[in-house]
Each structure stands twice: as C-alpha cells, then as structure tokens.
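Report on the following structure.
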Amino acid sequence: DMGEPVKIVDLARNLIKLSGKKEDDIRITFTGIRPGEKMYEELMNKDEIHPEQVFEKIYRGKVQHMKCNEVEAIIQDIVNDFSKEKIINYANGKKGDNYVR
C-alpha cells in the first residue's frame, strides 16, 4: 500500500513550486498515454504474496522455484523460436495453454 494516489499534474505543480518558480514559469505538456504504458502496476500476483504482514502494510513475496532444466528448456525454446508474443507469455507465466510454475 503506497498511500493515496497522486495526480501527476499535481506532483509536477508541487515540484515547480518547491523549486522556487511560479506555475507559469514552467510549461507542463500533456502527452497522453503512450503505447504499453500502464495505469497501475501489480508488483506480485496473488500466488506470490505471503498472507502475514512483516510490518503494517508491508508484505513479503514468495519465491517461485524452478528446476535448472526447466529454465534451460524455456531459454532453448525462446532461442529456437523467438517472438515478442512468446516472451510476453513466458513473462506472464504462460506457455501455450499451460501456466509455467
């Protein structure tokens, strides 16, 4: 939990004021969302979070272990047939219709 969300434009305005300038001194340009940009980010999936807290609002992640030969097979699969889609699927834990664990 990182607290309340902050609008980027408000953050930019605060930084301008903190630098000793007036809002009109520095132009803020709105570029919109760029391809692939996320509105939020999940740092861990539900299988990677220990249920108990370390401190208030602080959790630890669980490591997902894989055997060395499984990792080698994934690397070899990517080397033999490289594609952006394949990389994304592996990053999301998916191989074909099966999930890699």
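The values are calculated or read from the model by the stated rules, or taken from the named source; none is laboratory data. Just so you know, these numbers come straight off a predicted model, no measurement behind them. Cβ coordinates were reconstructed from backbone atoms using ideal geometry, including for glycine residues, and neighbour counts include every protein chain displayed.
For this structure, a couple of remarks:
Here is a yes/no grid of residues against (1) on the phi < 0 side of the Ramachandran plot; (2) part of a helix (DSSP H, G or I); (3) of a type in the set (Phe, Trp, Tyr):
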residue: 27; (1), (2), (3): yes, no, no
residue: 32; (1), (2), (3): no, no, no
residue: 37; (1), (2), (3): yes, no, no
residue: 50; (1), (2), (3): yes, no, no
residue: 66; (1), (2), (3): yes, no, no
residue: 69; (1), (2), (3): yes, yes, no
residue: 77; (1), (2), (3): yes, yes, no
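- Tally, over the stretch 55-88, of residues that are closer than 19 Å to residue 44 by Cβ and either free of Cβ contacts under 8 Å to residues at least 40 places away in the same chain or not assigned by TED's automatic domain parsing to the domain that holds residue 43 (or both): 12
- Hey, residue 87 under 30 Å from residue 8 (Cβ atoms) and either in contact with a strand residue (DSSP E or B) (Cβ under 6 Å, 6 or more places away or on another chain) or loosely packed, with under 10 Cβ neighbours inside 10 Å (or both) or not: no
- Within this structure, residue 49 passes the test of being surrounded by 10 or more Cβ atoms within 10 Å (Cβ to Cβ), in contact (Cβ under 8 Å) with a residue 12 or more places away in the chain and touching a Gly at 6+ places or on another chain (Cβ under 9 Å).
- Within the stretch 79-96, the set of residues being on the phi > 0 side of the Ramachandran plot and under 17 Å from the mean Cα position of the chain (by Cα) comprises 93 only.
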